[in-house]
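Worksheet: one structure, shown below.
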Amino acid sequence: MDKLLITGGNRLNGEIAVSGAKNAALPILCASLLTPGTIALENVPALKDIDTTVRLLSRMGVQINRNGDHATTLDASQVHSLEAPYDLVKTMRASILVLGPLLTRFGQARVSLPGGCAIGQRPVDQHIKGLAALGAEISIEHGFVVAKAKRLKGAVIRTDMVTVTGTENLMMAATLADGQTILENAAREPEITDLAELLIKMGARIQGHGTDRIAIDGVESLHSAEHTIVADRIEAGTFLCAVGATGGEIVLRKAAPETMGATIDKLLEAGMRIECGTDWIRGSMTGRPKAVGFRTYEYPSFPTDMQAQVMALNTIAHGTAVIVENIFENRYMHVQELGRMGAKIDIDGHTAVVTGVPALSGATVMATDLRASASLVIAGLAARGETTVERIYHLDRGYERMEHKLRSVGANIQRITRETA
């Protein structure tokens, strides 16, 4: 099993190109199921979750062509299977995103209940509730969601909670429904806006994306389209946290700073100097950061996917920070590992109190989920001595060649594989 070996203490200086957003690419890949036409995508990140989704769609009969410069073309004109099996769905919760497209285009779907990171309960009940409101007959059979409908019919859907994948699934399903669908309490993430922009290019009639009320007027069919995936705001924020912890200056190219307001605000509060252009961000840090507290909420508030990385920054900051995790109930699993490096963190339910220390010390730590992995890398870059981060398959799900990008700006980091161990 691969691991990362990091020798801390190096300042980061240079440029990094930000990859396309995983959380935008996954639903967009699934949206190819909505049309017999061809979907041509640019800026698709090279990640394990993308590989899993490609295998899933290929098994259904989607013809997929990938090349080395992050371009992917999908042709779903010959779909022959309407099932998403457990062996592919179990590692990635986003696989549930094939449910809406399959049901609305083909009239039926059989999708295994999904897995993913063990960061708390992320039920699919809102997906099921919404599709039922659109007229689908849905049952749970032997671990599968089984859905049928001759044609979905537009409806007003108010989800009980804000759900990103739920909003995406229902928006895709509504594109081919009969009549108008209104999604109230919809998620507003930039990745949802990116999906909506592709769907509109495919011929969908959507208004209000980016707000909590999305209106979709169903059409008879969708067609071919081309689209470029939005930049990954979480990857960009992670690299900014890294330079905030180590010191130095980096420029992020191909970034989308307009999607990162809450993260940038907190890093400015921590003492970083940040400049932004249309598609670039320059971040620099001298001296020790200041502790910054925050509460995670749905977009546009502070993202739960940046909680662990900013916590890592807080471990070496001046002062004490109070962090409240409001999205997932089990997203502090990195705290114990940071403690192995000398961090002082007290947990009480959803609240973490981080008291900064002058320096962390390198240690062997274990990644427990995707963003926890990133926090341990940041801590290792800032720590004295050598840090080994194990179980980095979590990291590979959401960060494209992270060690290569960090090494290009001066980090002492290398991947240890079975062959080189």
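Overview of results
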read-out	value
Matching entry among 371, 331 (being touching a residue at least 40 places away in the same chain (Cβ under 8 Å), assigned to a loop (DSSP other than H, G, I, E, B) and buried (at least 20 other Cβ atoms within 10 Å of the Cβ))	331
Considering residues of region 44-84 that are among the basic types (Lys, Arg) and surrounded by 14 or more Cβ atoms within 10 Å (Cβ to Cβ) only, the residue farthest from residue 147 (Cα to Cα)	66
Matching entry among 147, 186 (being under 23 Å from residue 90 (Cα atoms), buried (at least 23 other Cβ atoms within 10 Å of the Cβ) and either in contact (Cβ under 8 Å) with a residue 24 or more places away in the chain or not polar (S, T, N, Q) (or both))	147
Residue 197 vs. criteria under 23 Å from residue 280 (Cα atoms) and modelled with pLDDT of 95 or more	yes
Number of the condition not met by residue 54 [criteria: (1) in a helix (DSSP H, G or I); (2) within 25 Å of residue 304 (Cβ to Cβ)]	(2)
Inter-residue pairs, beta-carbon under 7 Å, first β-branched (Val, Ile, Thr) and in region 238-258, second surrounded by 24 or more Cβ atoms within 10 Å (Cβ to Cβ) and assigned to a helix (DSSP H, G or I), 6+ apart	238/309; 238/374; 246/381; 246/382; 250/239; 250/243
Qualifying positions in region 63-82 - part of a strand (DSSP E or B) and in contact (Cβ under 8 Å) with a residue 12 or more places away in the chain	63, 66, 72, 73, 74, 75
Residue match in region 352-359 (condition: farther than 22 Å from residue 387 by Cα, more than 21 Å from the chain's Cα centre (by Cα) and either surrounded by fewer than 14 Cβ atoms within 10 Å (Cβ to Cβ) or not aromatic (Phe, Trp, Tyr) (or both))	yes
Residue in region 30-50 that is without any contact (Cβ under 8 Å) to a residue 40 or more places away in the chain, in contact with a helix residue (DSSP H, G or I) (Cβ under 8 Å, 6 or more places away or on another chain) and over 30 Å from residue 248 (Cα atoms) present	yes
Positions within region 272-294 being closer than 24 Å to residue 407 by Cα, not hydroxyl-bearing (Ser, Thr, Tyr) and not in a strand (DSSP E or B), in sequence order	272, 279, 287, 288, 289
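Conditions tested, residue by residue: (1) at pLDDT below 95; (2) not hydrophobic (A, V, I, L, M, F, W, C).
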{"residue": "67", "(1), (2)": "yes, yes"}
{"residue": "73", "(1), (2)": "no, yes"}
{"residue": "76", "(1), (2)": "no, no"}
{"residue": "83", "(1), (2)": "no, yes"}
{"residue": "87", "(1), (2)": "yes, yes"}
{"residue": "93", "(1), (2)": "yes, yes"}
{"residue": "102", "(1), (2)": "no, no"}
{"residue": "117", "(1), (2)": "yes, no"}
{"residue": "121", "(1), (2)": "yes, yes"}
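The values are calculated or read from the model by the stated rules, or taken from the named source; none is laboratory data. These figures come from a predicted structure and were not determined experimentally. Virtual Cβ from ideal backbone geometry, glycine too; neighbours counted across all protein chains shown.
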